[in-house]
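Peer 1: Have a look at this one.
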Amino acid sequence: MADIREADFVDSIFDALQYISTFHPPDFIRHMTAAYEREESPSAKSAMGQILVNSRMCALGRRPICQDTGTANIFVRMGMGARVLSNRSLQGLADEAVRRAYLHDRNPLRASIVTDPLGRRQNSGDNTPCMLHVEMVPGDTISLEVSAKGGGSENKAKFAVLEPSESLVDWVVDTVEKLGAGWCPPGVLGIGAGGSADKAMLMAKQSLNETIDMADLIRTGPSNRSEEIRLEIYERVNGLGIGAQGLGGTTTVLDVRLRTFPTHAASLPVALIPNCAATRHVHFELDGTGPADLTPPDLSDWPEIVIAQTDGAARRVDLDTLSDDEVALWKPGETLLLSGTLYTGRDAAHKRMVEAIRAGAPLPVDLAGKAIYYVGPVDAVGDEIIGPAGPTTATRMDRFTEDVLAATGLKVMIGKAERGPAAIEAIRKHRAAYLIAVGGAAYLVSKAVTSSRLVAYQDLGMEAIRELQIRDMPVTVAVDVNGSSVHALGPKAWRRDVRPLPPRVPEKAGAD
């Protein structure tokens, strides 16, 4: 029997959470680099370039890849011949590791977990509790998968019970087409098929921790029905033309992972969970000889990419001298480099502002002619002005858009992903504009911030309103003053028809 010390169990999970906050898995980087090199859409290629540059910066600087440092997901495969020498529960030990990792002074991670989900939704302050799953297996070691799952991609999880005769592939492709860009493609699709509702969802989540091997599958061809399905979904989803960040392009997914389990004869449960461009996970084993030893990836796995922000293709914008005439010149898909004053504000801040507007109370900031950035940054460390500060999904602000634009004269909003019809109509009505920054490039974006000060709603923590001074922050025009959206125009331009792949004929019955 292998005895695992309590400290080794906790320290290993702590190290893993810090590790995945700063390092993409090498297989992800290799597939993203290959997608970047073959991408034909200039906008999508630029977005993927920023993601790769950001990833390398984080690997060098040991800072979070994304400002949403995620829900901690911990999968434990406990050997029947192993035991943890502790009087505490595995949940308690794992939560201690999460608490230490997210409050680590040298690399603090953003706490996003709220308690009492149907009530006050108070932030736990340390990102606990984690999502722990334990499976008892043969052996005398403990195998762990540790991942951090961002809210933007987690919010796009879908589940359905299909009839046995329905096509899983058609359901997945149709579902992805309707997801929008809030899950920050390009990423990985995790699919669980069979079992029951809970089993399918668990398999989908677990599949996201598997090694990306789509390049190998394309080269060798499928050898069984599961691989046929993976390949067909990969080809057909990429054929939708959604592209990086929903801008339109040839790559939307880097891989499709699929797990199956026996199920009821009358059912076909199917779960779909996408993973974003901030895919983060690591695997290790504990055998009683000490904590896990996680070796940093080789920097040679990252490509050398130089992002030219000063070429003639980008329009420079001074946010302190914005005029209606200038904003009216911006076109969907155009690259802007923003400088000047930028306010931050997410869901909680918008909710308070709208409550004040409807009550006839003054707002704590004057937004007339100004710009607001939907962001909840990571705490700064050392000489940083602000921690990683990538955009959050703008769709969650749609319900507040008309009130805020009508009452304040706000001119520019910055986030990620598409806007809904009501928000686009409000933007058109008030002659405002919506811009997007690249999700998955949070550390890179933070380097454009030259000063930051808290100005309102301090009790909201990372959702408080801050006044930032920025210089040459790269963004893309997503919705112009006429209500034209790049998230409609881009995918339409890059969509291509992909015929379903013919099924492989097994050599004999039951070969699969």
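The values are calculated or read from the model by the stated rules, or taken from the named source; none is laboratory data. Computed from a predicted structure; not experimentally measured. Note that each Cβ is placed from the backbone with ideal geometry, even for glycine, and that neighbours are counted across all protein chains shown.
Peer 1: Hey, could you check segment 325-349 for residues that are part of a helix (DSSP H, G or I) and under 23 Å from the mean Cα position of the chain (by Cα) and say which is nearest to residue 47 (Cα to Cα)?
Peer 2: Once the filter is applied, the top-ranked residue is 347.
Peer 1: Name the residues in segment 486-507 that are modelled with pLDDT under 95 and exposed (fewer than 15 other Cβ atoms within 10 Å of the Cβ), would you?
Peer 2: Restricting attention to segment 486-507, the residues satisfying the condition of being modelled with pLDDT under 95 are 496-507.
Scanning segment 486-507 gives 496, 497, 499, 500, 502, 503, 505, 506, 507.
Peer 1: Filter segment 337-351 down to residues that are in contact with a Phe, Trp or Tyr (Cβ under 9 Å, 6 or more places away or on another chain) and buried (at least 20 other Cβ atoms within 10 Å of the Cβ) and give me whichever is farthest from residue 486 (Cα to Cα).
Peer 2: Among those residues, the one meeting the criterion is 349.
Peer 1: Filter segment 373-408 down to the residues that are part of a loop (DSSP other than H, G, I, E, B), under 19 Å from the mean Cα position of the chain (by Cα) and in contact (Cβ under 8 Å) with a residue 60 or more places away in the chain and list them by number.
Peer 2: Across segment 373-408, the qualifying residues are 375, 376, 377, 378, 379, 387, 388, 389, 390, 392.
Peer 1: For segment 225-244, what are the residues that are among the aliphatic types (A, V, I, L, M), part of a helix (DSSP H, G or I) and either within 18 Å of residue 488 (Cα to Cα) or over 22 Å from the mean Cα position of the chain (by Cα) (or both)?
Peer 2: Selection gives 229, 231, 237, 244.
Peer 1: Return the residues of segment 121-148 that are within 22 Å of the chain's Cα centre (by Cα) and free of Cβ contacts under 8 Å to residues at least 12 places away in the same chain; say none if nothing qualifies.
Peer 2: 121, the sole residue that qualifies.
Peer 1: A further question on this structure: Do any residues in segment 1-13 that are more than 18 Å from residue 283 (Cβ to Cβ) and at pLDDT 95 or above have Cβ atoms under 6 Å from those of residues that are buried (at least 20 other Cβ atoms within 10 Å of the Cβ) and not β-branched (Val, Ile, Thr), where the two are at least six apart or on different chains, and which pairs are they?
Peer 2: none
Peer 1: Do you know which residues across segment 473-492 are outside any strand (DSSP E or B) and in contact with a strand residue (DSSP E or B) (Cβ under 8 Å, 6 or more places away or on another chain)?
Peer 2: 480, 481, 486, 487 - these are the residues of segment 473-492 that are outside any strand (DSSP E or B) and in contact with a strand residue (DSSP E or B) (Cβ under 8 Å, 6 or more places away or on another chain).
Peer 1: Further, regarding this structure: Being of a type in the set (A, V, I, L, M), under 19 Å from residue 254 (Cβ atoms) and not in a helix (DSSP H, G or I), is that true of even one residue in segment 199-209?
Peer 2: For segment 199-209, residues of a type in the set (A, V, I, L, M), under 19 Å from residue 254 (Cβ atoms) and not in a helix (DSSP H, G or I): present.
Peer 1: If you don't mind, there's one more thing I want to ask. Among the strands (runs of 3 or more DSSP E) lying completely within segment 115-169, list those that include at least 2 residues that are small (Gly, Ala, Ser) and more than 27 Å from residue 1 (Cα to Cα).
Peer 2: 142-149
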